[in-house]
Amino acid sequence: MKKVHVFNAGPCALPQVALDNAVEAIKDFKGTGVSLLSISHRTKEWEETMNECRALWKELLHIPDEYEVVFLGGGASLQFLYVAENFLEKKAAYLDTGVWAHKALKEAQGLGEAYAIACSADKNYTYIPKGFEIPSDLDYFHITTNNTIYGTEIKEDMDCPVPLIADMSSDILSRPVDVSKYAMIYGGAQKNAGPAGVIFAIIRKDALGKVSRYIPTMLDYRTHIDKESMFNTPPVFSIFVMNETLKWVKSLGGVEAVHQKNIKKAELLYSEIDRNPLFVGTAAKEDRSIMNVCFVMAEGYEGLQDEFLAFAKGKGMIGIKGHRSVGGFRASLYNACELEDVEALVECMKEFEKLHA
């Protein structure tokens, strides 16, 4: 089989050991003689897996005791509504840095006063707004730390005078995070934490219970904290693979070690983009994401886009076509993307340069 290099934006590459263990568990889950796909979520063996997964999250991100971790279905897009239901009493502000941030804001506006405190749409979301003031009368301030479509990222944990809530769908576990600076961190698993089908939510428990209106039972985070993410049947398969992925992160030396690996991958690819006359990066350099590297053909070479995509595909590059809303190219360098994959893409770009420069 030809070697392929997976740069999908999500669902994306997962560690091989997690995939192998999932295959075995589908055949026989923990020696029970029952497939993981058929196991009852009320069995001792499954409860052990849930507890291990929760403990790994707390260990890898050094999550303080006053926080809880829950696993839910519905994707991060449903969390846009969950967040507003649980935290919006009078007024909230959002940092509008792209499609997903804008969609999160829209859901909050359906429940109360919510507005964009700053927005980078004027330059097609290719930078992170700076210099804005966060009012002290907000119920919360919401940010999207990594913007997959545009390749921008907030790489540091900001100080915030009000509860800070972050969608970290696409950069969680890629860098150390000071969880204590957030009231809540959430995201879909299908980038760095596992397959599609489950979300993680890291919530400071005393931040809940502040809204006066009724919260539907299923949309109340307290329901899922109290029932340890098993108020209803959890997405068993996705959580199992998440657990295996977290074990893999730990085996590499934890998030801190993975971060160094991710920096090296991103620096290698950005260096080639900046060197190669055929390509140009689209994100502001100071805000470049280490997870999603976005670039286009340079001026004068625009007509080569489709040819490069075909050339790269022939070299085994999978998933480098840019998002349909912006075009160009995007290489997603999530945790399970290896340095050798990036090296192969860089070599592919150099070969293409020799043909056309």
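Go through the stretch 298-319 residue by residue and tally those that are among the hydrophobic types (A, V, I, L, M, F, W, C) and without any contact (Cβ under 8 Å) to a residue 12 or more places away in the chain.
The first filter runs over the stretch 298-319 and keeps only residues among the hydrophobic types (A, V, I, L, M, F, W, C), leaving 298, 304, 308-312, 317-318.
Imposing the further condition that a residue be without any contact (Cβ under 8 Å) to a residue 12 or more places away in the chain reduces the set to 310.
Number of matching residues: 1.
For every residue, the table says whether it meets (1) buried (at least 16 other Cβ atoms within 10 Å of the Cβ); (2) in contact (Cβ under 8 Å) with a residue 24 or more places away in the chain; (3) not β-branched (V, I, T).
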residue	(1), (2), (3)
I149	yes, yes, no
D159	no, no, yes
S180	no, yes, yes
M184	yes, yes, yes
A193	yes, yes, yes
L208	yes, yes, yes
M218	no, no, yes
Worksheet item: Pick from the stretch 21-36 the residues that are surrounded by 15 or more Cβ atoms within 10 Å (Cβ to Cβ) and not in a loop (DSSP other than H, G, I, E, B): which of them is farthest from the chain's Cα centre (by Cα)?
Response: A25
Discussion item. Name the residue that is modelled with the lowest pLDDT, counting only residues in the stretch 59-77 that are out of contact with any Asp or Glu (no Cβ under 9 Å at 6 or more places or on another chain) and in a helix (DSSP H, G or I).
Written reply: G75
Discussion item. With touching a strand residue (DSSP E or B) at 6+ places or on another chain (Cβ under 7 Å) and open to solvent by less than 30 Å² (accessible area, probe 1.4 Å) as the only criterion, which of A9, A18 stands out?
Written reply: A9
Practice prompt. State which residue is most open to solvent (accessible area, probe 1.4 Å) when the search covers only the stretch 112-127 and only residues that are outside any strand (DSSP E or B) and either in contact with a Cys (Cβ under 7 Å, 6 or more places away or on another chain) or of a type outside the set (K, R) (or both).
Written response: D122
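Hey, can you tell me all the residues within the stretch 87-111 that are under 23 Å from the mean Cα position of the chain (by Cα), small (G, A, S) and either closer than 18 Å to T282 by Cβ or in a loop (DSSP other than H, G, I, E, B) (or both)?
Passing the criteria: G98, A101.
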Fill in: Condition broken by V236, with the remaining ones in (1) within 24 Å of the chain's Cα centre (by Cα); (2) open to solvent by less than 10 Å² (accessible area, probe 1.4 Å); (3) at negative phi satisfied
(2)
Fill in: Scope the stretch 300-346; condition open to solvent by 10 Å² or more (accessible area, probe 1.4 Å), among the small types (G, A, S) and outside any loop (DSSP other than H, G, I, E, B); matching residues
G303, A310, G314, A344
Worksheet item: Tally time: how many residues in the stretch 154-187 are of a type in the set (F, W, Y) and in a loop (DSSP other than H, G, I, E, B)?
Response: 1
Discussion item. Report every pair of residues separated by at least 6 positions or lying on different chains whose Cβ atoms are under 7 Å apart, first residue within the stretch 243-266 and closer than 11 Å to A18 by Cβ, second among the aromatic types (F, W, Y) and open to solvent by less than 10 Å² (accessible area, probe 1.4 Å).
Written reply: L246/W57
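Mind telling me which of the residues A22, A13 ends up being of a type in the set (A, V, I, L, M, F, W, C), at pLDDT below 95 and closer than 30 Å to A331 by Cα?
Going through A22, A13 in turn, just one is of a type in the set (A, V, I, L, M, F, W, C), at pLDDT below 95 and closer than 30 Å to A331 by Cα: A13.
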Worksheet entry | Residues of the stretch 58-111 satisfying the condition of being among the hydroxyl-bearing types (S, T, Y) and open to solvent by less than 10 Å² (accessible area, probe 1.4 Å) | Y67, Y82, Y94, T97
Item to complete: Please work out which one of (1) touching a Gly at 6+ places or on another chain (Cβ under 8 Å); (2) within 19 Å of Y125 (Cβ to Cβ); (3) open to solvent by less than 10 Å² (accessible area, probe 1.4 Å) is the condition G281 fails and give its number.
Response: (3)
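The values are calculated or read from the model by the stated rules, or taken from the named source; none is laboratory data. Nothing here was measured: the structure is a model prediction, and the numbers come from that model. Every residue, glycine as well, gets a Cβ built from its backbone with ideal geometry; the counts of neighbours run over all protein chains shown. All accessible areas refer to the heavy atoms of the entire protein, side chains included, with ligands and DNA or RNA removed. Shrake-Rupley method; radii C 1.70, N 1.55, O 1.52, S 1.80 Å.
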